[in-house]
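Before any comments, here is the structure.
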């Protein structure tokens, strides 16, 4: 547990709502990003709120044998995967990246439009992946989590995380190769 999380968690467990609000404020953005990339932007806010409600009601189950962040993101992962599974239609939103700082663009306006269109096409391809594959792909390749952190969040062995990630990347590359005019992928030639 992050040193600064410890006192807030203990106070939250003792019923201090302001301490829990501080935890919500600290982790709202990362929970939203993880949820949005599994469920899509439309449902992300509702699922994010549900995550924090679940966490609050389960605070007595948090044993501090791991980081609070990982425990919270495990709840977020499970809620998002469950929601996406119920809908059977989901949209991973890579557009959330639009709000994140990017290096200065050195291209033309046409380059910017093309890049935006590629992100939209990527969104369509990624939403075809299973929620479990989307989750590990997002946690590793977008959020930068370690395999051990992903294992804790998804409640799966590290070997399973690596296998899911390998399958998810393979599936995504295979889907993208069907549209080689969109992507410059290794091992494929453009016609």
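Read the figures in this text as sums done on the coordinates, not as results from a lab. All figures in this text were calculated on a predicted structure; none of them were measured in a lab. Please note: Cβ atoms are built from the backbone with ideal geometry, for glycine as well, and neighbour counts cover all protein chains shown.
Details
- Two-site FRET efficiency, residue 4 against residue 82, from Cβ-Cβ distance with R₀ of 30 Å, rounded to 0.05: 0.50
- Neighbour counts of other Cβ atoms within 10 Å put 123, 16 in the fewest-to-most order 16, 123.
- Going by neighbour counts of Cβ atoms within 10 Å, the residues 57, 83 line up, fewest first, as 57, 83.
- Per-pair calculated FRET efficiency, R0 = 25 Å: residue 65 and residue 158 via Cβ, rounded to 0.05: 0.90
- Backbone N atoms of segment 124-143 closer than 19 Å to the 7 Å Cα→Cβ label point of residue 30 belong to residues 135-143.
- Based on every Cα atom in segment 5-177, Rg and the maximum pairwise Cα distance Dmax equal 17.2, 56 Å.
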